[in-house]
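Read the structure below first, then the notes.
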Amino acid sequence: MPEHDLAQMLYLQIAESIAMPIRAGTLARGERIPSVRELARQRSVSLGTVLQAYRMLEDSRLIEARPRSGYFVAARPPRLPEPETSNPPPSSMAVDVSSLAARVMHLAHDPGCVSFGAACPSPDLFAEERVRRAVSRAAQRHRATLTQYTIGSGDESLRRAIARHALRMGCQLDAREIVVTNSCLESITLCLRAVTQPGDVVALESPTLFSFLEILENLHLRALEIPTHPRTGLSLDALQLAFDTQPVKAVLAVPTLSNPMGACMPLTERRRLAQMVAKRGIPLIEDVLYNDLAEQNEQRRAVRSFDTTGHVMMCGSFSKTIAPGLRLGWVEAGRWGTKVARQKQATSGSQSAMLERAMADLLMQPGIEASYRQMRTTIAARVDEARGLIAQYFPKGTRITDPPGGFILWVELPQGTDSLALFQACLAESIVIAPGTMFSATNHFRHCIRLGLAGRWDDAHRLALRRVGALAATMAQRGQGGGATH
Ligand SMILES: Cc1ncc(COP(=O)(O)O)c(C=O)c1O
């Protein structure tokens with residue numbers, strides 16, 4: 001590994017090993033942490049490496065230096081309560097969310113707006129230079145790929161690299177069974193096409209990603225929303241009840257850092273989910289897009305790692321961690337592998353082989369783990385800061401998620417607050433938020449909003465977030481929710 005990558009990896013590892021217990025509350029506010037010298041000795045690293053880690057933790061406002069006394073855990077933002085388990089209606093519904101979602105996404109990318117609307121990391125969060133070098137290397141070394149059609153399920157070196165990448169999620173995939181796609185959403189669409197017919201019922205988290213609802217809408221599938229806990233995800237008891245009472249044809253879930261709640265299913269539940277779908281013969285489409293962004297190793301482990309019967313279809317992409325612009329995703333569809341590969345051929349053929357080579361190169365670089373770490377640490381500091389601002393400026397009665405990674409916050413405003421009215425009021429000031437109604441086929445989340453914090457983060461965004469809180473507080477005072485700012 002190049003020396004620079006190694007040094008970066010070391011200081012990020014040290015920073016993360018201190019950041020995690022602080023965030024989890026194991027290291028409390030005001031507690032002293034080891035001196036630079038002590039830690040360097042303990043970990044057998046240089047003083048410079050520890051200093052670099054401490055500097056990063058200071059920038060993230062997790063620790064503070066006190067003159068002549070050393071380093072201490074800094075004050076944490078005040079905690080707001082988290083939302084309760086969702087309670088969607090027990091029957092399936094036809095879906096109609098596309099128009100609002102399309103409008104919000106369009107606005108979220110408008111450079112004239114300060115946006116919390118999308119879940120797209122800003123370019124500075126990616127190792128842009130590394131990506132650029134990999135693309136030009138691939139264009140140089142594999143010139144023929146630019147002028148030739150490609151056939152098959154994707155470049156072999158990329159499929160091998162994806163299989164290796166899946167080992168980190170506890171999965172031993174056969175590279176030959178992996179189909180390369182152009183995005184995680186394409187992978188999910190192909191899986192749904194392979195296992196459902198129009199009119200079928202698909203069980204999914206509630207709230208869920210609007211893009212999933214858009215896919216169901218397009219395929220004329222019915223959504224059955226399952227109660228979901230903001231920390232532990234899908235309620236498996238409720239899912240079991242759904243299996244017993246409804247004609248569920250597939251389950252679509254994001255067990256690690258679900259969108260929008262940021263829930264991470266505990267390991268025992270992951271095992272149980274794999275067993276439940278195997279017993280019923282129902283396919284589980286598992287979206288592992290965010291697994292690399294979870295704080296802890298066990299949260300990165302996929303449900304697929306517990307699957308012994310091929311009922312879990314695993315879908316991922318590199319849109320949030322390496323480069324959304326390369327448009328590359330993948331799927332390993334278990335017992336439906338051949339069907340999914342045929343679906344892919346029939347819909348969009350293959351991707352650019354040149355970009356596939358570049359992605360394989362990126363995935364195999366030893367620095368890749370360090371870049372995930374860097375991203376996790378930077379984002380966590382930002383999310384912490386945003387949670388602090390929300391606690392300070394949003395109306396009394398606000399609840400908020402506390403996800404163990406990722407960059408999305410789900411905010412429950414006082415009951416009765418109309419998030420569509422808040423969306424309009426924010427838009428009048430060129431601020432974009434995502435109203436809760438986008439994330440459900442039911443009308444259950446009208447008082448909620450989703451905030452994406454992976455975009456740019458600067459003083460304009462801090463001010464805009466305070467402004468969203470002030471507008472929500474004014475609405476609450478006017479009687480849409482009752483309560484004052486605190
Ligand atoms: C859970 C989840 N899956 C899939 C996607 C889309 O990924 P891709 O761009 O690779 O289709 C998103 C994007 O926000 C997401 O949050």
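The values are calculated or read from the model by the stated rules, or taken from the named source; none is laboratory data. For clarity, every value in this text was computed on a predicted model and none was experimentally measured. Because the Cβ atoms are built from the backbone with ideal geometry, glycine has one as well, and the counts that use them run over all protein chains shown.
So residue 263 fits all but one of (1) within 13 Å of the ligand (Cβ to nearest atom); (2) free of Cβ contacts under 8 Å to residues at least 40 places away in the same chain; (3) among the small types (Gly, Ala, Ser); what number is the exception?
In the conditions (1) within 13 Å of the ligand (Cβ to nearest atom); (2) free of Cβ contacts under 8 Å to residues at least 40 places away in the same chain; (3) among the small types (Gly, Ala, Ser), residue 263 misses (2) alone.
Would you check if residue 280 is closer than 28 Å to residue 135 by Cα, basic (Lys, Arg) and surrounded by fewer than 24 Cβ atoms within 10 Å (Cβ to Cβ)?
Against the criterion (closer than 28 Å to residue 135 by Cα, basic (Lys, Arg) and surrounded by fewer than 24 Cβ atoms within 10 Å (Cβ to Cβ)), residue 280 does not qualify.
Which of the residues belonging to the stretch 70-103 are charged (D, E, K, R) and under 27 Å from residue 424 (Cα atoms)?
82, 84, 96, 103
With the condition kept exactly as written, say whether any residue in the stretch 238-255 is farther than 22 Å from residue 334 by Cβ, away from the ligand (no atom under 14 Å from the Cβ), of a type in the set (Lys, Arg) and not in a helix (DSSP H, G or I).
No, every residue in the stretch 238-255 fails to be farther than 22 Å from residue 334 by Cβ, away from the ligand (no atom under 14 Å from the Cβ), of a type in the set (Lys, Arg) and not in a helix (DSSP H, G or I).
Hey, among 421, 341, 360, 346, which residue is without any contact (Cβ under 8 Å) to a residue 60 or more places away in the chain and either assigned by TED's automatic domain parsing to the domain that holds residue 140 or assigned to a loop (DSSP other than H, G, I, E, B) (or both)?
Every option except 346 fails the conditions.
Tally up the residues in the stretch 64-105 that are within 24 Å of residue 392 (Cβ to Cβ) and either at pLDDT below 85 or within 26 Å of the chain's Cα centre (by Cα) (or both), please.
10
Considering only residues that are within 16 Å of the ligand (Cβ to nearest atom) and not in a strand (DSSP E or B), which ones fall in the stretch 307-332?
Within the stretch 307-332, 318, 319, 320, 321, 322, 323, 324, 325, 326, 327, 328 qualify.
I'd like the full set of residues that are of a type outside the set (Gly, Ala, Ser) and buried (at least 23 other Cβ atoms within 10 Å of the Cβ), limited to the stretch 358-374.
359, 362, listed by residue number.
Among the listed residues 130, 193, 164, 176, which satisfies the condition of being of a type in the set (Lys, Arg), closer than 20 Å to residue 342 by Cβ, part of a helix (DSSP H, G or I) and more than 16 Å from the ligand (Cβ to nearest atom)?
176
Look at residue 304 and say whether it is within 16 Å of the ligand (Cβ to nearest atom), modelled with pLDDT of 95 or more and in a helix (DSSP H, G or I).
yes
Among the residues of the stretch 146-154, is there at least one that is assigned to a helix (DSSP H, G or I), away from the ligand (no atom under 16 Å from the Cβ), of a type in the set (A, V, I, L, M, F, W, C) and surrounded by fewer than 18 Cβ atoms within 10 Å (Cβ to Cβ)?
The answer is yes; a qualifying residue exists.
Residues being charged (D, E, K, R) and farther than 15 Å from residue 223 by Cα: count how many of those fall in the stretch 242-268.
Residues flagged as charged (D, E, K, R) and farther than 15 Å from residue 223 by Cα within the stretch 242-268 amount to 1.
Of a type in the set (A, V, I, L, M), in contact (Cβ under 8 Å) with a residue 40 or more places away in the chain, within 16 Å of the ligand (Cβ to nearest atom) and crowded, with 18+ Cβ neighbours inside 10 Å: which single residue out of 114, 135, 97 fits that description?
97
In this structure, is residue 284 of a type outside the set (Lys, Arg) and under 28 Å from residue 21 (Cβ atoms)?
no
Of (1) surrounded by fewer than 24 Cβ atoms within 10 Å (Cβ to Cβ); (2) more than 18 Å from the chain's Cα centre (by Cα); (3) within 12 Å of the ligand (Cβ to nearest atom), residue 211 satisfies all except one. Which?
Result: residue 211 passes all but (2).
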